Structure formats: structure tokens, C-alpha cells
1. For the range 1-105, which fully contained strands (runs of 3 or more DSSP E) count at least 1 residues that are open to solvent by 80 Å² or more (accessible area, probe 1.4 Å)?
2. Go through the range 124-164 and give me each residue that's in contact (Cβ under 8 Å) with a residue 12 or more places away in the chain, closer than 19 Å to Ile73 by Cβ and open to solvent by 80 Å² or more (accessible area, probe 1.4 Å).
3. Mind checking which residues of the range 202-244 are open to solvent by 40 Å² or more (accessible area, probe 1.4 Å), under 16 Å from Thr268 (Cα atoms) and either touching a strand residue (DSSP E or B) at 6+ places or on another chain (Cβ under 7 Å) or touching a residue at least 24 places away in the same chain (Cβ under 8 Å) (or both)?
4. Which residue pairs have Cβ atoms under 9 Å apart, sit 6 or more places apart or on different chains, and have a first residue in the range 261-275 that is modelled with pLDDT of 95 or more and open to solvent by less than 40 Å² (accessible area, probe 1.4 Å) and a second that is hydroxyl-bearing (Ser, Thr, Tyr) and within 9 Å of the ligand (Cβ to nearest atom)?
5. With Ala180, Ala170 as the choices, which residue is at pLDDT 95 or above, of a type in the set (Gly, Ala, Ser), crowded, with 20+ Cβ neighbours inside 10 Å and under 17 Å from Ala61 (Cα atoms)?
6. Hey, does the range 247-259 have a residue that's within 16 Å of the ligand (Cβ to nearest atom) and among the aliphatic types (A, V, I, L, M)?
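The values are calculated or read from the model by the stated rules, or taken from the named source; none is laboratory data. Fair warning: this is a prediction, and the values are worked out from it, not measured in the lab. For neighbour counting, all protein chains shown are included, and Cβ atoms are generated from backbone atoms with ideal geometry for every residue, glycine included. Please note that ligands, DNA and RNA were not included when accessible areas were found on the heavy atoms of the full protein model with its side chains. Shrake-Rupley method; radii C 1.70, N 1.55, O 1.52, S 1.80 Å.
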Amino acid sequence: MPELPEVETIIRGIAPKLVGRRFTNPQLLHADVLRGVTPRRLLAALRRNRIARVFRRAKHAVIQLESGERMVIQPRMTGSLIVYDRRLKPDERRYAVLLAAIGEGRAFVYSDVRRLGTISLLDDAAWEAYTAAIGPEPLTDEFDTGSFSQRLLGTRQAIKKALMDQSRIAGIGNIYANEALFRARIDPSQRTDRLTPDDRRRLYRTVRHVLRQAVRAGGSTVRDYRDGTGRAGTYQRVLLVYGRGGLPCRRCRTRLSTTHAIDGRATTFCWRCQGSGS
Ligand SMILES: [Zn+2]
């Protein structure tokens, strides 16, 4: 978290305000988030170049500079990336990690309460290596049932773990893995190599459906997530299982169960709707 829909929403909010512009007076307030780049090199690159492109890859925001260098921000648990159409208020600077002005009267801020997020600056070769290590984007047209099935091949891992494995498929984290598995009526602990072709087809459809709906709703706001303009998302209101352990299943009214046994994260499921072999 944030996952694909949240980062996509952030990007759609900030891209039009950044592309073609320049970071003026960038300031790095905490260097511990940097990976493989010094504060000096990062700030020099930001100062020197216009912003050529702003896009998402998996759960990361990518700000490509006209030099070709890409600043990759992984917001992880508590990071937020906002462009305000005004100057920052003092409380908005409180957890700021990277700050800059964007033209007249706009402010860019990457904030991170716990600073679990990271910032790196990749040249072409480093970018190629980075993106090659991540699986395909699940919402593209080329990503069909066949590609989905292929990405799940060769593992006995629980299907929930395989879905969240970024080297297999990009962008799915705990919220949307829970939701997609419930909608596909698949036990999250089911061994991936034991899914039937029909299971995989259903799961492919529910993964895409859930991600698309969540993008449309501006993402899910649980804890700190805000979109690129500072607003909360709304998909949390329609989540069927995530965060609903102990509450009645929206399909059959059975009490939903929560386990941490699959991957250490909270997995919430309905044993009746998602029981193995049901
Ligand atoms: Zn149920």
C-alpha cells in the first residue's frame, strides 16, 4: 500500500502539473530515503532538467527528466506525493522529505511519516534492469488470460503470495489480492499450481475488474493514502473483505475470517465462499 490503483491515481493528479516544468529550489530534508544516489546528485539533476514524463510502474511513481534520468519514488506504507496549487502550509511540511516549487505558486512535496519509502535516480541502464525485474502491468491490453496464467506457472506458493509477487505481476498488494481472490471464490492459501484453468480465468477477470474499479474510485484510503491533490480515495467503501474480518460476508453472511498464516499480512476471506474445492 499504496498499490497500483493508488499510485495510478496519484500520477494522474500530478502529471499534468509537472510535465514540461522544472523543480525550482528543490530541498531534501531527509537523506535516509535515498537509494544509490547522493543528495547532491539528485538535487543537481532536479535543478538542471525539465520534467519530461510522469508515469507509474508497478507501485512506484516515476518522474523522468529530460536528461533521461528517472527519479523513482516508492511510497511504501506512509509516503504521499502531492502537488498543491498554492504554497505549503506549515503542517504540510511536517513530514516532508523532498520539497520543490513548480513554476508560479505550485508546490511539490513528497512526505513520508515513517520514511519507509525510497527515492532513487536511475540512468537508462539502471532503469532497464529495474523494470526488467518487475512483471507485466496487469491493466494493459496485451496482458491477457494467457499471459496471466503464464506468470503463475511453476510455483507451489499460495496463490495470494504469487499474486503479490512483483516479479510475476506488477502492482498488486494486500488489499487487491484479498479482494480479487474473494470475488473469484478462490481460497487465498490454495497452491498456485493446483488452480484449474477455470480458476485462473476467473481470477484474471477479477484482478482486472477490481484494479480498474479502484482506479476509477481514486484508490482506497486506509491509513495515510491521499491522491496527488491531497484528497482521499473512495474504494475503501466498497471493499468486500479487506479490513472486514469478523464482519458478515457480503455474499453469504458467514463471519469473515482473518489469518496471518499465509504471508504474515492480514488475509481476510470467507471459508464458505472460498473454501477449497467449493
Ligand atoms: Zn461468504
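1. Values: elements: 23-28, 51-57, 60-65, 70-74, 79-84, 96-102.
Those strands (runs of 3 or more DSSP E) span 23-28, 51-57.
2. Asp124
3. Val238, Tyr242, Gly243
4. Cβ pairs passing all conditions: Cys270/Thr254; Cys273/Thr254.
5. Details: Ala180 fails: under 17 Å from Ala61 (Cα atoms).
Matching residue, one of Ala180, Ala170: Ala170.
6. Yes.
Residues are listed down the side, and each one gets a yes or a no for (1) among the hydroxyl-bearing types (Ser, Thr, Tyr); (2) within 14 Å of Glu3 (Cβ to Cβ):
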site	(1), (2)
Leu122	no, no
Ala126	no, no
Phe143	no, no
Phe148	no, no
Thr155	yes, no
Lys160	no, yes
Ile169	no, yes
Leu181	no, no
Asp187	no, no
